[in-house]
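S.K.: Dropping a structure here in structure tokens format, bear with me for questions.
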Amino acid sequence: MKLLEFLKRERKKSASVAKERLQIIVAHQRGERDQPDYMPMLENELLEVIRRYVQVDQDAINISLDRDNDCSVLELNVTLPRDE
Amino acid sequence: MAKIIVVTSGKGGVGKTTSAAAIATGLALRGNKTVVIDFDVGLRNLDLVMGCERRVVYDLINVIQGEAGLNQALIRDKRTENLHILPASQTRDKAALTPEGVEKALETLSQEYDFIVCDSPAGIEHGAQLAMYFADEAIVVTNPEVSSVRDSDRILGLLASKTRRAERSEPPVQEHLLITRYDPNRVTSGDMLTLEDVREILAINLVGLIPESEAVLRASNQGVPVVHDMDSDAGKAYADTVSRLLGEEVPLRFYGYQKKGLLSRMFGGGRR
Ligand SMILES: Nc1ncnc2c1ncn2[C@@H]1O[C@H](COP(=O)(O)OP(=O)(O)O)[C@@H](O)[C@H]1O
Ligand SMILES: [Mg+2]
């Protein structure tokens, strides 16, 4: 099983790796497109505050802004380490 | 009223100037009054690709600063009727390129021409944003390669937000994908993104596919836009692109695997 997986990985062509990476990058860039300019700063400062209490990584925090017609919802997801 | 088309990409060296020169020439050859403007202040190249570098007297900045009239700065193409070139300044600071000045120049040209083709500098700063600001359509030049595709997506973001059409909530800038330097053999071997991959990732309409071609270097060596070389694959591919810009439906070519003949393998000759 392991060997088969290894062989499969070996055969994966560089162009398909490029495509997968680009799909992730572009999805991320497009998510950022419609955000207000202050979002990256807000994200960093929130992360800083959380880190005063819990040690989390940069990618443990996920923040997004959903805009509806009459209001916006700021959604903050933080994955905390398991053994608190 | 002219249609303003910006040729842009974010990344440098992907083929913007080559494409702007070929497409402007192609539009003129089809009978459209066309002017192609170099926005790459400080790094002008379009004059070389168009073969008019020795006839540059005034440039875009001189016009904007009121030091020369448009008619003094415009260079008439020697080979192609209906075609003029407005060169960039080689020496002046980019800041001399003001939105008001560009707007005024474009407005005047709009009265005279059918198409205004703007050759954008690389990057996403002042010069690139100004080149796209007044555009009706955008040709996003992309190589099948990760950094070029990512930069193209950034440019699409700017086209959707930082253009006059976006700011005035007018119908958006029409976006066209132009894939250049495509090497079908490397695509077949799995080491180059396919044209479907690039189109799927960027999700915009494909207007042309230009293969990697020796004819492009030959053309720029001679200062004759490659679309004049209708025996070459790149020349034909640019002519097809122009037809599609004009609304015609033309099938894609030059995306298939090229089998090298024995002679060309022996003597290392490439594709014409
Ligand atoms: N289809 C192509 N095949 C081979 N070489 C190309 C092709 N398109 C562009 N080039 C070469 O790539 C280089 C950069 O092209 P250029 O048009 O100046 O790019 P940009 O304006 O985006 O910086 C030039 O040397 C040009 O001759
Ligand atoms: Mg250029």
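S.K.: List the trypsin sites (Lys or Arg not before Pro) within the range B:168-240 that DSSP assigns to loop and that have no more than 13 neighbouring Cβ atoms inside 10 Å.
M.R.: Working: sites: B:Arg168, B:Arg181, B:Arg186, B:Arg199, B:Arg218, B:Lys236; in loops: B:Arg168.
Here the trypsin sites (Lys or Arg not before Pro) that fit, given the DSSP loop and packing criteria, are B:Arg168.
S.K.: Let me ask something additional. Sort all Cα-Cα distances of the range B:1-60 into consecutive 10 angstrom bins from zero, then give the percent of pairs in each bin up to the one containing the longest distance.
M.R.: Spelled out bin by bin, the range B:1-60 gives 20, 54, 26, 1 percent.
S.K.: Now a separate question. So which lysines can A:Lys12 reach, going by Cα to Cα under 21 Å and dropping same-chain residues fewer than 8 places off?
M.R.: A:Lys2
S.K.: Please compute P(r) over all alpha-carbon pairs of the protein assembly as shown, binned at 10 Å starting from zero, and give each bin as a whole-number percent.
M.R.: Percent of Cα pairs in each bin: 5, 22, 28, 22, 14, 8, 3, 0.
S.K.: Could you give me the ³J(HN,Hα) list for the range B:234-247, computed from phi with Karplus coefficients 6.51, -1.76, 1.60 and θ = phi - 60°, whole Hz, x at Gly and Pro?
M.R.: So the J values, rounded to whole Hz, are 5, x, 5, 5, 6, 4, 4, 4, 4, 4, 5, 4, 7, x.
S.K.: As a quick test, which of the pairs A:Lys19/B:Lys11; B:Lys3/B:Lys94; B:Lys11/B:Lys236; B:Lys33/B:Lys104 have an alpha carbon distance above 22 angstrom in this structure? If you can, show how the numbers build up before the last one.
M.R.: Numbers: A:Lys19/B:Lys11 18 Å; B:Lys3/B:Lys94 25 Å; B:Lys11/B:Lys236 25 Å; B:Lys33/B:Lys104 19 Å.
Flagged as over cut-off: B:Lys3/B:Lys94; B:Lys11/B:Lys236.
S.K.: Using θ = phi - 60° and the Karplus form 6.51 cos²θ - 1.76 cosθ + 1.60, what ³J(HN,Hα) does each residue of the range B:120-125 get, whole Hz, x for Gly and Pro?
M.R.: Working through the residues one at a time gives 7, x, 6, x, 10, 8 Hz.
S.K.: If amide H atoms are built 1.01 Å from N in the plane of the peptide, which residues on other chains or at least 5 residues away come under 5 Å of the amide H of B:Glu175?
M.R.: Result for B:Glu175 returns B:Ala138.
S.K.: Report the charge-dipole magnitude of the range A:10-84 in Debye, nearest 20, computed about the Cα centre from +1 at each Lys and Arg Cβ and -1 at each Asp and Glu Cβ.
M.R.: Values: 11 positive and 16 negative charges, 137 e Å.
Value, rounded to 20: 660 debye.
S.K.: Give the distance, in whole Å, between the Cα centre of the range B:233-256 and the Cα centre of the range B:4-38.
M.R.: Going from one Cα centre to the other spans 14 Å.
S.K.: Something else about it: Name the long-range amide H neighbours of B:Tyr182: under 5 Å, sequence gap of 5 or more, or other chain; modelled H, no Pro or chain starts.
M.R.: Here the answer is B:Ile210, B:Glu212, since their amide H atoms fall under 5 Å of that of B:Tyr182.
S.K.: While we're on this one: Calculate for the protein assembly as shown the 222 nm mean residue ellipticity that helices alone would give, adding -39,500 (n - 2.57) per DSSP H run of length 4 or more and normalising by residue count, nearest 500 deg cm²/dmol.
M.R.: One gets -12500 deg cm²/dmol as the mean residue ellipticity at 222 nm.
S.K.: Within a 10 angstrom radius of the beta carbon, how do B:Ser152, B:Ser232 rank from fewest other beta carbons to most?
M.R.: Values: B:Ser152 28, B:Ser232 21.
Fewest-to-most ranking of B:Ser152, B:Ser232: B:Ser232, B:Ser152.
S.K.: Explain nothing, just compute: Karplus ³J(HN,Hα) = 6.51 cos²θ - 1.76 cosθ + 1.60, θ = phi - 60°, for every residue of the range B:198-210 in order, whole Hz, x for Gly and Pro.
M.R.: Karplus values, whole Hz, x for Gly and Pro: 5, 5, 5, 5, 7, 6, 10, 5, 7, 9, x, 9, 10.
S.K.: Would you kindly work out the equivalent ellipsoid of chain B from its C-alpha gyration tensor and give its semi-axes, the square roots of five times the eigenvalues, largest first in whole Å?
M.R.: Numbers: eigenvalues 183, 93, 53 Å².
In descending order, the three semi-axes are 30, 22, 16 Å.
Here, each number is a calculation from the coordinates, and none is a lab measurement. Quick caveat: nothing in here was measured; it's all calculated off a predicted structure. Using ideal geometry, Cβ is built from the backbone for each residue, glycine included, and neighbour counts are taken over all protein chains shown.
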